[in-house]
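The values are calculated or read from the model by the stated rules, or taken from the named source; none is laboratory data. Here the structure is a predicted model, which means the values were calculated and not measured. Cβ: placed from backbone, ideal geometry, glycine included. Neighbour counts: every protein chain shown. Note: accessible area is taken over every heavy atom of the protein model, side chains too, but ligands, DNA and RNA are not part of it. Shrake-Rupley method; radii C 1.70, N 1.55, O 1.52, S 1.80 Å.
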Amino acid sequence: MTHNQVGATDLERTFMRATLIYGAGDVRVETVPDPKLAEPTDAVVRVVRACVCGSDLWPYASLPAREHGRPIGHEFLGVVEETGADVTGVRKGDLVVAPFKYSDGTCEFCQEGLQTSCLHGGNWGEPGVDGGQGEAVRVPQADGTLVRLPHTEDEGLLASLLTLSDVFPTGHHSAVTAGVRKGKTVTVIGDGAVGLSAVLAAKRLGAEQIVLMGRHPARTELGREFGATDVVTERGEEGIEKVRELTAGRGTHTVLECVGTLPAFEMGLGVVRPGGALSRVGVPQYPEGPIGRPVFLNNITITGGVAPARHYIPELLPDVLEGRYQPGRVFDRTVGIEDVPAGYQAMADREALKVLVAF
């Protein structure tokens with residue numbers, strides 16, 4: 001790792017640049033105090049790579065205006081700059097990746113592989129916690145949260161390692177909870193970064209047929225390269241009919257819903273095979289959905305939820321390091337910290353699939 005990649009590591013530095021959101025369409029990069037250790041279980045990480053998530057676009061589209069901005073961003077990897085007295089799992093100079101929620105790694109939920117429900121965990125950007133789209137981050141519960149990585153200067157590998165913070169484990173979670181395995185058929189709804197990661201995850205788990213429902217040619221072409229056997233560009237009832245035509249009228253064993261809207265959920269119910277499973281990993285933007293008699297009578301399982309990325313990283317990491325899978329290909333634009341607002345706009349305008357932030 002070169003000095004330019006890592007960024008300044010002078011512990012006397014007192015200010016940094018970070019991304020704050022003030023409301024819908026109002027993302028700013030401002031000078032804020034450098035993070036400092038607050039608890040003996042903390043670490044300070046100087047960020048090397050971060051990115052903009054599709055879920056960041058929901059507040060970017062609808063957050064009410066506020067007087068004071070709040071930090072935003074939850075995907076980053078970087079170099080450990082300082083550790084608290086109780087931190088033993090990482091040390092200064094380590095390259096690490098942080099999952100999109102922090103966790104202690106020791107509570108009953110963490111021990112069950114559900115770090116997203118950690119009794120002492122939380123979210124990046126919540127009050128008193130840094131966001132991931134800044135030059136440095138104070139990491140609470142560093143031992144339970146951070147995963148050490150081998151140092152590399154390979155840009156493609158750095159991008160793929162960054163996906164371990166969120167989108168690749170989220171796609172994997174959708175496939176695992178739906179029961180994707182060798183010989184099963186899959187429909188992936190959504191050609192965003194999570195949907196494409198779900199295609200990759202389904203391929204990795206041995207799916208026989210993977211139908212990608214998306215209508216952006218550059219994205220669906222990448223989906224084919226990731227393992228999609230079929231692409232359906234139609235939506236609604238027309239899209240449902242197309243998927244059923246591809247599956248002898250039966251639908252697919254599993255459906256991975258990676259959007260989070262009610263129409264996407266309804267399409268998922270329309271294409272799932274009786275006895276099958278629909279996994280939702282797109283953050284739901286609706287309060288309720290149709291789970292009545294048709295779901296009951298056809299023995300449909302509704303599953304999914306927020307992905308415990310920290311649980312999946314050790315499983316996925318070797319395949320990424322050895323180049324068997326390259327989830328970092330979902331990044332199609334790179335910006336510096338000062339251009340993060342433009343990155344948000346590019347994703348909101350569908351001009352970029354997923355924006356990488358390089359420091």
Relative contact order for the chain, counting Cα pairs under 8 Å that sit 6 or more residues apart, in percent: 18 percent
Unit Cα scatterers, Debye sum, the range 224-356: log10 I(q)/I(0) for q = 0.14, 0.17, 0.19, 0.20 Å⁻¹: -0.87, -1.15, -1.26, -1.29
Local net charge near Thr170, Cβ-Cβ under 13 Å (Lys/Arg +1, Asp/Glu -1): +1
Inter-centroid distance (Cα atoms) of the range 76-91 relative to the range 111-182, Å: 15 Å
Carbon and sulfur %, accessible surface of the range 170-304 computed with the full protein complex present, 1.4 Å: 50 percent
Net dipole in debye of the chain [+1 Lys, Arg Cβ; -1 Asp, Glu Cβ; about Cα centre; nearest 20]: 1020 debye
Distance between modelled label sites at Glu39 and Leu57, nm, 7 Å Cα→Cβ extension: 3.4 nm
Above-threshold pairs, the threshold being 23 Å between Cα atoms, out of Lys242/Lys354; Lys101/Lys354; Lys101/Lys203; Lys182/Lys354; Lys36/Lys354; Lys101/Lys184: Lys242/Lys354; Lys101/Lys203; Lys182/Lys354; Lys36/Lys354; Lys101/Lys184
Coordinate range along principal axes, alpha carbons of the chain, Å, largest first: 66, 39, 37
GNM flexibility winner over the chain from Asp94, Asp319, Asp42 (Cα, springs under 10 Å): Asp319
Spin-label pair Ala218/Ala348, simplified geometry with 7 Å Cα→Cβ offset, distance in nm: 1.9 nm
From phi via Karplus (6.51, -1.76, 1.60), per-residue ³J(HN,Hα) for the range 65-82 in Hz, x at Gly/Pro: 4, 9, 6, 10, x, 10, x, 9, x, 9, 10, 7, 9, x, 10, 5, 9, 7
Amide H contacts under 5 Å for Arg333, placed H, 5+ residues apart: Lys354, Leu356
Summed side-chain charge close to Arg333 - residues other than Arg333 whose Cβ falls under 10 Å, Lys, Arg +1, Asp, Glu -1: -2
Cut-off 13 Å between beta-carbons: net charge of the residues surrounding Val306, Lys and Arg +1, Asp and Glu -1: +2
DSSP-defined beta bridges in the chain - what % are antiparallel, rounded to 5: 60 percent
Choice from His68, His253, His172 with maximal GNM fluctuation in the chain (Cα, 10 Å cutoff): His68
